[in-house]
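Trainee: Dropping the structure in here first, questions after.
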Amino acid sequence: MPQTFITHSKEETQQVAADFARTLSGGEVIALLGDIGAGKTTFTQGLVGALESTARVKSPTFAVLHEYPITGHSTIRTIVHIDFYRFTSPDEVRALELESYQRPDTVVVAEWPDLAGDRLTSVSHQITFRGLNETDREITFL
């Protein structure tokens, strides 16, 4: 059953992510869908922060992939944050060797997952983001 949250600030979006982080145990693949500026990276910041990483989370649009070490969780050691926005075909994804990141001690967070085609497997959570105005976001867990 879908669950929807309306947030009114960056901090509220990060809090929704922090609450969600408590449900993770490692091995999850989280697909984040939504337009540019809808809150996907802000959500990831909240997720990584809640797992007690000191890493500075930024959009991986140009770097494609960032890895964040996790120190505050008993089973999760790494968050892999991937952004497929700049990919023009699923074939380009092959070079990333995504399978190597899908481990029991890792959580993969993927922005623009539809551009990865069938290369992004085992999606365990799908979350959509919609900007309602400059500050408000609709976040739906499907």
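Trainee: As an exercise: evaluate His66 against (1) part of a strand (DSSP E or B); (2) open to solvent by 40 Å² or more (accessible area, probe 1.4 Å); (3) not charged (D, E, K, R) and give the number of the one condition it does not meet.
Mentor: Going through the list (1) part of a strand (DSSP E or B); (2) open to solvent by 40 Å² or more (accessible area, probe 1.4 Å); (3) not charged (D, E, K, R), His66 breaks only (2).
Trainee: Something else: Just name the residue that is most open to solvent (accessible area, probe 1.4 Å) out of those in segment 12-28 that are part of a loop (DSSP other than H, G, I, E, B) and without any contact (Cβ under 8 Å) to a residue 40 or more places away in the chain.
Mentor: Start the filter on segment 12-28 by keeping residues that are part of a loop (DSSP other than H, G, I, E, B), which leaves 22-28.
Imposing the further condition that a residue be without any contact (Cβ under 8 Å) to a residue 40 or more places away in the chain reduces the set to 22-23.
On the way: Arg22: 171, Thr23: 91 Å².
The extreme case among them is Arg22.
Trainee: Please work out if Ala31 is in a helix (DSSP H, G or I), in contact with a helix residue (DSSP H, G or I) (Cβ under 6 Å, 6 or more places away or on another chain) and either more than 19 Å from Glu111 (Cβ to Cβ) or in contact (Cβ under 8 Å) with a residue 12 or more places away in the chain (or both).
Mentor: Values: in a helix (DSSP H, G or I): no; in contact with a helix residue (DSSP H, G or I) (Cβ under 6 Å, 6 or more places away or on another chain): yes; either more than 19 Å from Glu111 (Cβ to Cβ) or in contact (Cβ under 8 Å) with a residue 12 or more places away in the chain (or both): yes.
Considered against the rule, which asks whether it is in a helix (DSSP H, G or I), in contact with a helix residue (DSSP H, G or I) (Cβ under 6 Å, 6 or more places away or on another chain) and either more than 19 Å from Glu111 (Cβ to Cβ) or in contact (Cβ under 8 Å) with a residue 12 or more places away in the chain (or both), Ala31 comes out as no.
Trainee: Has segment 113-125 got any residue that is in a helix (DSSP H, G or I) and within 20 Å of Gly46 (Cβ to Cβ)? Outline the logic, then answer.
Mentor: So in segment 113-125, the residues in a helix (DSSP H, G or I) come out as 113-119.
From what is left, the residues that are within 20 Å of Gly46 (Cβ to Cβ) are 113.
Scanning segment 113-125 turns up at least one residue that is in a helix (DSSP H, G or I) and within 20 Å of Gly46 (Cβ to Cβ).
Trainee: Still on this structure: Within segment 77-112, which residues are outside any loop (DSSP other than H, G, I, E, B), more than 21 Å from Thr42 (Cα to Cα) and not charged (D, E, K, R)? Outline the logic, then answer.
Mentor: Going through segment 77-112, the residues outside any loop (DSSP other than H, G, I, E, B) turn out to be 78-83, 90-96, 98-101, 106-111.
If we keep only those that are more than 21 Å from Thr42 (Cα to Cα) as well, we get 90-96, 98-101.
Matches in segment 77-112: Pro90, Val93, Ala95, Leu96, Leu98, Ser100, Tyr101.
Trainee: For the condition modelled with pLDDT under 95 and either surrounded by 12 or more Cβ atoms within 10 Å (Cβ to Cβ) or within 11 Å of the chain's Cα centre (by Cα) (or both), what is the one hit in Leu32, Leu51?
Mentor: Details: Leu32 fails: modelled with pLDDT under 95.
Being modelled with pLDDT under 95 and either surrounded by 12 or more Cβ atoms within 10 Å (Cβ to Cβ) or within 11 Å of the chain's Cα centre (by Cα) (or both) holds for just one of Leu32, Leu51, which is Leu51.
Trainee: Given Val80, Val123, which one is in contact (Cβ under 8 Å) with a residue 24 or more places away in the chain and out of contact with any Leu (no Cβ under 7 Å at 6 or more places or on another chain)?
Mentor: Result: Val123 is the single residue among Val80, Val123 that is in contact (Cβ under 8 Å) with a residue 24 or more places away in the chain and out of contact with any Leu (no Cβ under 7 Å at 6 or more places or on another chain).
Trainee: Among what's in segment 72-126 and is among the hydroxyl-bearing types (Ser, Thr, Tyr) and open to solvent by 70 Å² or more (accessible area, probe 1.4 Å), pick the residue that is nearest to Ser53 (Cα to Cα). Walk me through it before giving the result.
Mentor: To start, the set of residues in segment 72-126 that are among the hydroxyl-bearing types (Ser, Thr, Tyr) comprises 74-75, 78, 85, 88-89, 100-101, 106, 121-122, 124.
Keeping just the survivors that are open to solvent by 70 Å² or more (accessible area, probe 1.4 Å) gives 74, 85, 88, 122.
Numbers: Ser74: 13, Tyr85: 25, Thr88: 32, Ser122: 25 Å.
In this case the residue turns out to be Ser74.
The values are calculated or read from the model by the stated rules, or taken from the named source; none is laboratory data. Keep in mind it's a predicted model, so treat the numbers as computed, not measured. Backbone-built Cβ (ideal geometry, glycine too); neighbour counts: all protein chains shown. Just so you know, the surface numbers come from the protein's heavy atoms only, side chains and all, with ligands and any DNA or RNA stripped out. Shrake-Rupley method; radii C 1.70, N 1.55, O 1.52, S 1.80 Å.
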